[in-house]
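The structure appears below as structure tokens.
None of the figures in this text is laboratory data; all of them are computed from the coordinates on show. As the structure is a computational prediction, the values presented were derived from the model and not from experiment. Neighbour counts run over all protein chains shown; Cβ positions are idealised from the backbone, glycine included.
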Amino acid sequence: MMDALKWWQTAVFYQIYPRSFADGNGDGIGDLAGITGRLDYLKDLGIDALWLSPHYPSPLKDCGYDIASYVDVASEYGTLDDFRRFLDDAHRREMRVVLDLVLNHTSDQHAWFQESRSSRDNPKRDWYIWHDPKLDGSPPNNWFSTFGGPAWEWDAVSGQYYYHFFFREQPDLNWRNPEVKQAMWDAVRFWLDMGVDGFRLDAIGTIFEEPDLRDQSAGRTLDDHYVLKRTARSAEERAVVHALWETLFQHQHDLPGMHELMRELRAVVNEYPDRVLIGETDDISYYGSGDDELHLVFNFPLMRTNRLTPDWVRDNQALRLATLPEGAWPCNTLGNHDSPRMFSHFGDGRNSMEQARLHLALLLTLQGTPVLYNGEEIGMSDYLITDVNRFRDPLSLDVYRMETELMQSPAQEAVLFAALNGRDKCRTPVQWADAPNGGFCPAEIEPWLPVNPEYAQGVNVAAQQGDSGSLLAFYRRMLATRRANPALISGGYELVEQGSADVLAFRRAGPEQICLVLLNFSDREQPVDAPHSARRVFSSHAGDGALAPFEVRILEL
Ligand code: TEU
Ligand code: CA
């Protein structure tokens with residue numbers, strides 16, 4: 001059974017945010033040399049595959065998700081040769097490497113856009129989405145950008161508007177133009193030829209928009225949406241907010257042509273043996289009919305809750321596994337560079353360390369491919385930057401503006417709220433040691449984002465490496481357990497009733513092995529109902545009677 005699985009089905013992925021992972025040359029910015037230097041650390045931890053957030057040249061209006069060249073490396077991260085060295089070193093350690101591919105938009109500094117905007121009859125004009133203003137000079141329709149303001153930006157030189165779903169510095173490509181496809185598939189082949197193992201596809205649902213540009217019918221603005229969302233308390237109110245978002249963007253995402261395009265991209269990738277495509281979407285239709293679109297689609301609903309409870313997980317798994325197309329392989333994650341860190345998000349502040357262990361165990365024992373986010377293995381928490389001048393994510397600045405302007409919040413509160421709801425908080429540098437700047441860069445250098453001072457309280461790699469009771473050691477043990485027990489990788493998932501609502505119990509049954517996973521989500525002992533003959537393959541606690549508070553126990557049946 002295990003032999004029949006593909007590498008991306010058995011692998012544990014680890015997302016690297018290149019700017020913040022490791023700084024090889026001491027300039028306060030993470031880089032490829034830094035990553036290469038930490039490959040042994042990752043291998044030793046038990047990681048099988050790396051996903052790199054964008055490493056391409058970028059003016060950083062969206063922290064690298066605004067790409068200025070698809071076939072190069074940002075100079076502050078190194079050179080193409082540094083990339084090749086990194087890739088070879090990873091492969092030599094039998095680790096795969098997946099890149100981030102942003103198809104929907106480029107940077108406005110990309111040569112394609114520079115040409116496109118230079119004049120109306122430039123051959124690349126139609127590579128982006130240009131439209132005339134209405135007679136009164138206003139934008140072609142009432143669509144919004146999901147990052148705030150209208151979706152249309154006026155270009156005075158050529159006298160038309162261009163469309164952008166994200167920031168105005170991220171013009172959308174026109175995917176209905178075959179030349180765009182060819183140019184992008186060339187970039188895809190460039191990396192595949194080099195030996196890269198696949199791609200994580202950014203914001204894949206936003207690639208097409210309604211060609212007739214008909215107005216959205218919400219009758220409200222994005223600012224209205226913000227205020228509603230900000231004040232929504234009940235489930236009903238939140239449903240209204242969600243419905244408003246859907247109407248505001250009804251003509252701008254998940255349009256039918258997507259599936260054809262994904263099949264086309266899949267065909268390009270299939271020219272190479274054994275590569276993977278992972279969709280940044282929770283829409284399972286992107287699996288296609290089993291094996292013709294994306295290999296993996298994130299189960300984002302699992303992480304989109306403020307309390308990770310057994311009931312939430314049970315419902316999520318029941319729905320997800322029942323609706324996946326035949327043959328589709330699940331993919332679970334609890335954090336990334338856009339979301340709160342799992343330690344802060346799912347920890348209650350009192351038992352957060354125990355909960356971090358429990359939640360990792362959950363992620364590594366559910367059916368499907370797990371994706372970890374750099375720094376979670378040492379329990380890094382969200383770092384709230386309270387100085388607006390140190391914000392790097394423009395979304396944080398936008399939240400700050402809306403808080404002060406729309407909500408009339410006092411500046412101090414607005415900063416805190418923006419820090420909480422922006423994305424800088426989960427992107428701060430990885431803490432490698434109990435040293436100035438957490439050992440990320442030299443003391444006299446200011447890192448690109450401030451380092452979380454928690455490094456001095458044991459939240460750093462060096463301290464945890466030597467401590468068998470640390471979270472890092474727990475990650476290593478748990479990853480090794482997964483690797484050693486085929487049922488945890490290839491077995492089916494079957495919920496088991498355990499009497500207590502606080503215990504999540506499920507069987508993972510495969511041809512070689514059957515495991516029973518017992519996770520106690522409560523801070524109290526809980527009775528267990530398991531056969532005495534069962535062999536214990538993992539336990540976070542010593543006893544073998546009742547489950548200790550937050551205990552993780554895995555038995556072989
Ligand atoms: O995110 C896509 C996306 O849908 C975002 O709106 C996401 O919901 C938001 O960041 C949550 O705050 C991807 C990338 O992961 C993100 O970093 C980029 O900013 C975005 O695409 C544009 O490329
Ligand atoms: Ca550097």
*Mind checking the angle between helix 222-231 and the chain's longest principal axis? C-alpha axes, 0 to 90 degrees, to the nearest 10.*
30 degrees
_Positive dipole terminus of the chain, leading residue within Ile29, Val313, Gly422 (C-beta point charges)_ = Val313
*Please sort by residue number the trypsin sites (Lys or Arg not before Pro) in the stretch 1-42 whose DSSP state is loop and whose Cβ has at most 13 other Cβ atoms within 10 Å.*
Lys6
*Check each of the trypsin sites (Lys or Arg not before Pro) in the stretch 458-490 and keep only those in coil by DSSP with at most 14 other C-beta atoms within 10 angstrom; list them in order.*
none
*Counting alpha carbon pairs within less than 8 Å and at least 6 residues apart, what relative contact order, in whole percent, applies to the chain?*
12 percent
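Note the direction-averaged projected area, equal to a quarter of the hull surface, for the Cα convex hull of the stretch 13-67, in nm².
Numbers: hull surface 15.5 nm².
Mean projected area of the Cα convex hull: 3.9 nm².
In nm, what is the difference between 0.36 nm times the number of residues separating Ala473 and Ala111 and their Cα-Cα distance? Before the final figure, lay out each step's value.
Working: separation 362, 0.36 × 362 = 130.32 nm, distance 4.68 nm.
Residue separation times 0.36 nm, minus the Cα-Cα distance, leaves 125.6 nm.
Just flag the GluC sites (Glu not before Pro) in the stretch 481-557 sitting in loop per DSSP whose Cβ has no more than 13 other Cβ atoms within 10 Å.
Working: sites: Glu494, Glu497, Glu512, Glu525, Glu551, Glu556; in loops: Glu497, Glu512, Glu525, Glu551.
Within the stretch 481-557, the qualifying GluC sites (Glu not before Pro) (loop, at most 13 other Cβ atoms within 10 Å) are Glu497, Glu512.
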*How many percent of DSSP beta bridges within the chain run antiparallel, rounded to 5?*
55 percent
*In degrees, nearest 10, range 0 to 90: what is the angle between the Cα axis of helix 80-92 and the longest Cα principal axis of the chain?*
20 degrees
*When we measure straight from the Cα of Lys181, which lysines land under 18 angstrom away, once same-chain ones fewer than 8 places off are left out?*
Lys124
_Under the 0.36 nm per residue contour assumption, what length would be gained going from the current alpha-carbon distance of Arg304 and Thr386 to full extension?_
27.0 nm
*In degrees, nearest 10, range 0 to 90: what is the angle between the Cα axis of helix 257-269 and the longest Cα principal axis of the chain?*
70 degrees
*Rounded to the nearest 0.05, what FRET efficiency is calculated for Asp291 and Arg189 with R0 set to 22 Å and r the Cβ-Cβ distance?*
0.55
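Can you give the net charge of the other residues whose Cβ lies under 12 Å from the Cβ of Gly492, counting K and R as +1 and D and E as -1? If you can, show how the numbers build up before the last one.
Numbers: positive: Arg507, Arg508; negative: Glu494.
Result for the local shell: +1.
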_Extent along principal axes [Cα atoms of the chain; Å; largest to smallest]_ = 79, 55, 53
*Net charge near Pro527: determine it from the other residues with C-beta under 13 Å of the C-beta of Pro527, scoring Lys and Arg +1 and Asp and Glu -1.*
-4
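How high is the relative contact order of the stretch 403-557, in percent, counting Cα pairs under 8 Å that sit 6 or more residues apart? Numbers along the way, then the final one.
On the way: 252 pairs, mean separation 19.6, N = 155.
That works out to 13 percent.
Given 4 °C and 1.567 mPa s, compute D for the stretch 93-197 with the Stokes-Einstein relation, Rh being the Kirkwood radius over Cα pairs; round to the nearest whole µm²/s.
Reported coefficient: 86 µm²/s.
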